[in-house]
1. Excluding residues on the same chain fewer than 8 positions from Lys506, give the aspartates and glutamates whose Cα lies under 12 Å from its Cα.
2. Given a Förster distance of 30 angstrom, what is the FRET efficiency for Asp41 paired with Ala170, based on the Cβ-Cβ distance and rounded to 0.05?
3. Would you check the accessible area of Glu416, probe 1.4 Å, heavy atoms only, in square angstrom rounded to 10?
4. Please list the non-local residues whose amide H lies under 5 Å from the amide H of Gln93, H modeled 1.01 Å from N, same-chain partners needing a gap of 5 or more.
5. Normalise the Cα radius of gyration of the chain by 2.2 N^0.38 Å (N = residues in it) and let me know the number.
6. State which stretch of the chain is the longest one without any exposed chymotrypsin sites (Phe, Trp or Tyr not before Pro), exposure meaning a DSSP loop state and at most 15 other Cβ atoms within 10 Å.
7. Non-local amide H neighbours of Thr517 (under 5 Å, H modeled in plane, Pro and chain starts lacking H): which ones?
8. What does the extension gain come out to for Asp72 and Ser30, with contour length at 0.36 nm per residue minus their alpha carbon separation?
Amino acid sequence: MSLANGAPKITFISPELTGRLGLLPTHRLSMSELRARRHPDDLERIDRVLEDFVTSGGQRPYDVRYRVRTNDGSYRWVHSRGNIVSDDNGTAQRMLGVSLDITEQTEAEERVRQLLRFDPLTGLAKPHKFLAEVDQALATIAPLPVLGVVQVKLLDLNSLIEESETVEDALIIHIIGDRLHALSDSALLASRVSTDTFAIATPAMQTAQAVHSLVQHALDRISEPMQVAGRTVRVRFHAGGALYPDDGDRAHGLLRSSGHALEEADGAADAGIRWFTDGMNSKFRQRNTRLRDLASAVMNREIECHFQPIVDLSTGRTAGFEALARWRSAGEGLLAPDQFIGLAEEFGHIGQIGEDVLRQACRAAANWHVGSERAPFVAVNVSPMQLNNPAFPAAVARVLAESGLPPSRLELEITESALTKDPEAAAQRLETFRRLGISIAIDDFGTGYSSLSLLSKFPFTRLKIDRSFLTRYGLSRESTIIVDMIIDLGEHLGLSVTTEGVETRKQVEMLSRRGVTFAQGYLFSRPVASEDVQALVDKAWPMESGNWKAIRPERTKRQSRGPSKLSKRP
Ligand code: C2E
Ligand code: CA
Ligand code: CA
């Protein structure tokens, strides 16, 4: 391009480029023709760059991308870069540049950009775009108004059951995407934040009430019946909502709060929406603190084992003890398992905690009545995640060897839920334990859904009747019928039976009459710390009469009491 003598002129353009524009290679493209062929949206920008470049004398780079119309009316993307060539006096004479056809590359880039910004299945915004848009809306929000962010998690998708996305799910998600697009008319923003979860943000509204009803309207739309593969489907969902400004002042905070509310909704039996409350915040803060502390709890020896006696009703002797984990937390006192076992399972600490409890339990039990025939066994709870770990049997064998406890005095308590994930592997591991001489009890029996034929495949030695059967039915006819049935079942499977949660003398009588040999419960003793166990090892429990009421309550923090009324350790 010549810059001398007034208006810039094109002195040479590669025949390749003119060819691509659908012109004859010999066509001399003029500056004005090129300008006329530029995309109207690019015109102003290129003029500005070129002017800047020329006036700066080549100090600022000439580097632009723009669209040029071809002879068939379509546009091609061109990338031009250039430099100034000056004469001996330093006066700009010519601009030497390269223009490349970057149409394919640009289109590919645009596709990638679209993919990054939009979910391909629904065309809804990806989460980061969604967050940026919500922040933008918040930045222009007038004082006072309210804005809602809601996460909606679909239930019952096949992929959640089958672990692979099915065509049917893709259709459902697509239809919900369409419905959310349609709702964007009411200025609703929407995004797909994970496989089964959508986020929506309302526009700024005058009251929380208005936000609630707009959200309800959106949820009603989402859950309207739809036709999928010839079937009428009505999707169910759990949703969690948060409001600006109370529950967060930025998009991220609002999304987090709505996530907490969603978790709360997820824990509920019914489908529907939960709105964020301050209580959830402190609950999650407490949960986060717990989680952080839990990671180091084992190393700091804060997990301790308490023991609850299991009484042989036929002899009045202590037959064994169940080892129950307690967390002696520096900040919170003695915590019951419902405060941390679930968390440990969720965040992968259960293997370590379980092994620590097992080690403590075996060590303690090795000292009860050394060498005696009647030495009590110790029963240790095994989490499903532990049983599903192939390395678990070896860990148990190692701990036993270290402690010197005979395998015949160890009982592992396994719940039905541990058997469902991979029944074959579970059965193999249980066989290994049996070969080592370890007993295996099926814990919380009656609360799962396992069939008799499934249970008969596992080499159990004992069956523990869940305490809910005693508490739920009291001493009613139901209770005795159920206990009878379970005892029958135990006999059928060749198992002895332990009943948990025995709290009254009457229950003992009922159980003894029905031939239950082992019983465990507050009537005999609460779980006690290891230093208090020895007194219970030798104890002869009065079977006919006696005062079993004088039991010192155990001081542990438990879920049911609620966080605000927690008792501190004395
Ligand atoms: P679980 O295995 O069913 O343990 C029996 C629970 O019933 C214990 O609660 C015990 O304190 C309680 N209990 C005993 N007698 C009575 C009674 O007469 N009435 C009532 N209402 N309750 C009674 P805890 O110690 O809070 O343990 C709760 C659950 O935590 C256990 O239920 C078990 O599933 C789990 N858990 C405890 N320790 C461990 C552990 O080391 N590892 C694993 N994976 N889970 C554990
Ligand atoms: Ca148990
Ligand atoms: Ca149990």
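1. Here the aspartates and glutamates satisfying the reach criterion relative to Lys506 are Glu544.
2. 0.30
3. My reading of the accessible area for Glu416 is about 10 Å².
4. Answer set, sorted by chain and number: Val85, Ser86, Asp87.
5. With N residues counted in the chain, Rg over 2.2 N^0.38 Å equals 1.47.
6. 13-346
7. Val497
8. That works out to 13.2 nm of additional length.
The values are calculated or read from the model by the stated rules, or taken from the named source; none is laboratory data. Worth saying up front: this structure is predicted, and the values here are computed from it rather than measured. Glycine also receives a Cβ, built like all others from the backbone with ideal geometry; neighbour counts cover every protein chain displayed. Surface accessibility is based on the protein's heavy atoms, side chains included, excluding ligands, DNA and RNA. Shrake-Rupley method; radii C 1.70, N 1.55, O 1.52, S 1.80 Å.
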